[in-house]
Amino acid sequence: MSHSATPSLSYRFSPRAALAALGIRLRGLNLFGPVRDHVHIAQKTVTHTPVQKLYDAFIAILAGAHGLVEINKRLRSDPGLQAAFGRQTCAEQSVVQDTLDACTEANVTQMHHAMDAIYRRHSQGYRHNYT
């Protein structure tokens, strides 16, 4: 009697469906690629790389977090949103904070270079003729 006639499918639901759609689009654009290429934080990797932790912080900010403490509430509890951004799991908020604490002035400079690369690649303002 416990057999079901309906097929067992695995779906991931997210209350932030619009943000999940944005995540799929940002993955397609490889928006975070320059950060992955330019920013190298000197920190050991146990489960998540330092760049993955930065990505988790970025997603949490997009999800409306006012601080890193909200990563657990807004991102870790939403596997559908994580999957939309290409993440299998999410780093714990204290681990993300440790990564940001480990950043040096050189990492800030690297992030500036990455942001410049993102702006040059995706912004219409960069290609605008101001004369």
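So here's what we get for this one:
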| read-out | value |
| --- | --- |
| Structure-based [θ]222 nm, the chain - -39500 (n - 2.57) summed over DSSP H runs of at least 4, per residue, nearest 500 | -15500 deg cm²/dmol |
| Calculated over the chain: convex hull of Cα atoms, volume per residue (Å³) | 158 |
| Whole-Hz ³J(HN,Hα) from phi, Karplus 6.51 cos²θ - 1.76 cosθ + 1.60, for the range 100-109, glycine and proline x | 5, 5, 7, 5, 10, 4, 5, 5, 5, 4 |
| The range 44-131, accessible area per residue, ligands and nucleic acids excluded (1.4 Å, Å²) | 60 |
| About the Cα centre, charge dipole magnitude for the range 65-131 (Lys/Arg +1, Asp/Glu -1 at Cβ), debye | 400 |
| Thr109/Ile61 FRET efficiency (R0 30 Å; Cβ-Cβ; nearest 0.05) | 0.90 |
| Selected from Gly28, Cys90, Pro79, residue furthest toward positive end of dipole (the chain; charges at beta carbon) | Gly28 |
| Estimated vicinal HN-Hα couplings, Hz - the range 121-127 in sequence order (Karplus 6.51, -1.76, 1.60; Gly, Pro = x) | 6, 10, 8, 6, x, 5, 8 |
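The values are calculated or read from the model by the stated rules, or taken from the named source; none is laboratory data. Here the structure is a predicted model, which means the values were calculated and not measured. A quick note on method: Cβ atoms are made from the backbone with ideal geometry, for glycine too, and the neighbour counts reach across all protein chains shown. Accessible surface is based on the protein model in full, side chains and every heavy atom, while ligands, DNA and RNA are left aside. Shrake-Rupley method; radii C 1.70, N 1.55, O 1.52, S 1.80 Å.
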